[in-house]
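Peer 1: What follows is a structure written as structure tokens; I'll ask about it next.
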Amino acid sequence: MNLYYFSGTGNSIAIVRELQKHLKDAELSPIVRHLGDDEVRDDSKVIGLVAPTYYMDIPDIVRNFTKKLSIKKNAFVFAVIHYGVTPGRAFHSLNELLLEKGAKLNAGFGITLPDNSIALKTPIRKQPEMHALMSKTLEDISSMVLKKRSIPLPGSSSQLLGVNGKIGSFVLRKIFGTERKRTTSDCTHCGICERVCPMNNITVYDDDVSFGDNCADCFACIHWCPEKAIRYGILKVNSKSHYTNPAVCAADMMAQK
Ligand SMILES: Cc1cc2nc3c(=O)[nH]c(=O)nc-3n(C[C@H](O)[C@H](O)[C@H](O)COP(=O)(O)O)c2cc1C
Ligand code: SF4
Ligand code: SF4
């Protein structure tokens, strides 16, 4: 069984690790390691996808990966999608991509976790409870996966949500200016942002940090920067909006690549 995952601030990493404890033969496969592949062939009987929700949908990097996935038509495919508030149409987008291959998303499991989008903050006092519930939920999810139980997909299949997500992404990029990433004078040029960036989109020089155009919007650089020295347009992380999963460290993020 292969578990494919993508993470910016560690929630997906914490999830796949817990799943692996219960699903003994599960192999972890970071999606970023398949960026250069034209096709990802997987003949497993059970396949899992673990990803955050971005803009009420799956992240583009997960969409592009799923398009390249070549699987058996009768494979049991499940997804664990997590989010701060709502998965929107994430499960249904995944299912539509799989249907195009003659397969389908047999089971969808949604988990609410702290929101890393900076614009929406999850109060710090609520976070330990969310992480504890996540562990319990993953135990239940694992037992359903082992039984290959079909589970109706959470969220909505409305195309309107996809449109809303695109508007949300446009607002963040153009109005909040998240495309305009830059560092503040607090930057020590330590290089951590360059090493955690899953897209290799950052270069740290002795006196400068340069951001390219190949961004997955994962917010990893902004949250893993030890000095909170990265701005995305008007967004800047502070002690209330900062989030990284407590069971995951920057080295785990770097190991995703
Ligand atoms: C660019 C961006 C967009 C997001 N959009 C949504 C959203 O539409 N709905 C939601 O509930 N959470 C949204 N989130 C929150 C993440 O889905 C959530 O915090 C997730 O658990 C982070 O996973 P990770 O730690 O593996 O990166 C968004 C986060 C980012 C960075
Ligand atoms: S992680 Fe932060 S302090 Fe380190 S180089 Fe990047 S922006 Fe600068
Ligand atoms: S530049 Fe930042 S937000 Fe973009 S992919 Fe790299 S780490 Fe993620």
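Every number here is computed from the coordinates shown, using simple stated rules; none is lab data. Source: prediction; values computed, not measured. Ideal geometry is used to build each Cβ from the backbone, glycine not excepted, and the neighbour counts take in all protein chains shown.
Peer 1: Test of understanding: in a Gaussian network model of the chain with alpha carbons linked when under 10 Å, which of VAL204, VAL16, VAL237 would top the mean-square fluctuation ranking?
Peer 2: VAL204
Peer 1: State whether region 99-183 is rounded, prolate or oblate according to the following rule on the C-alpha gyration tensor (a ≥ b ≥ c being the square roots of its eigenvalues): a/c under 1.5 gives rounded; otherwise a/b larger than b/c gives prolate, and the remaining case gives oblate.
Peer 2: oblate
Peer 1: Where does the charge balance sit around MET56 when Lys and Arg score +1, Asp and Glu -1, over other residues with C-beta under 14 Å from its C-beta?
Peer 2: Residues near MET56 contribute -1 overall.
Peer 1: Here's a follow-up. Return the aspartates and glutamates within reach of LYS67: Cα separation strictly under 14 angstrom, same-chain partners fewer than 8 residues apart disregarded; answer none if there are no such residues.
Peer 2: Candidates past the 8-residue exclusion: ASP37, ASP38, GLU39, ASP42, GLU96, GLU100.
Peer 1: Same structure, new question: Subtracting the Cα-Cα distance from 0.36 nm times the residue separation, let me have the gained length for ASP213 to ASP43 in nm, one decimal.
Peer 2: 57.8 nm
Peer 1: Tell me, what is the FRET efficiency for ASN74 and LYS24 to the nearest 0.05, using R0 = 35 angstrom and their Cβ-Cβ distance as r?
Peer 2: 0.95
Peer 1: Next question, about the same structure. If I stretch the segment between LYS67 and ALA247 completely, what's the gain in nm (0.36 nm per residue apart, minus their alpha carbon distance), one decimal?
Peer 2: Working it through step by step, the gained length comes to 61.7 nm.
Peer 1: For VAL163 paired with GLU227, estimate the spin-label separation in nm (one decimal), with each label point 7 Å from Cα along the Cα-to-Cβ line.
Peer 2: Each label point is offset 7 Å from its Cα along the Cβ direction, giving 4.5 nm.
Peer 1: About its Cα centre, what dipole magnitude does the chain give when the only charges are +1 on Lys and Arg Cβ and -1 on Asp and Glu Cβ, stated in debye to the nearest 20?
Peer 2: The calculation lands at about 720 debye.
Peer 1: Looking only at GLY191, GLY162, GLY36, which one moves most when the chain is put into a Gaussian network model with springs between Cα atoms under 10 Å?
Peer 2: Among GLY191, GLY162, GLY36, the largest mean-square fluctuation in the Gaussian network model of the chain belongs to GLY36.
Peer 1: Sticking with this one: MET130: net charge of surrounding residues, Cβ under 12 Å, Lys/Arg +1, Asp/Glu -1, itself excluded?
Peer 2: +1
Peer 1: Moving to a separate point now. Rounded, prolate or oblate: which fits region 47-94 when a ≥ b ≥ c are the square roots of the eigenvalues of the alpha-carbon gyration tensor, with rounded for a/c under 1.5 and prolate only if a/b beats b/c?
Peer 2: Prolate is the answer for region 47-94, as a/c is 1.5 or above and a/b outweighs b/c.
Peer 1: Also: Give me the net charge of VAL248's neighbourhood, meaning all other residues with Cβ under 12 Å from the Cβ of VAL248; Lys, Arg count +1, Asp, Glu -1.
Peer 2: Net of charged neighbours comes to -1.
Peer 1: Return the distance in nm (one decimal) between the two label points of a simple spin-label model at LEU146 and LEU133, each offset 7 Å from Cα along Cα→Cβ.
Peer 2: Using points 7 Å along Cα→Cβ, the separation is 2.5 nm.
Peer 1: Additional query: Per the chain: cysteines with no other Cys C-beta under 4.7 angstrom?
Peer 2: CYS187, CYS190, CYS197, CYS215, CYS218, CYS225, CYS249
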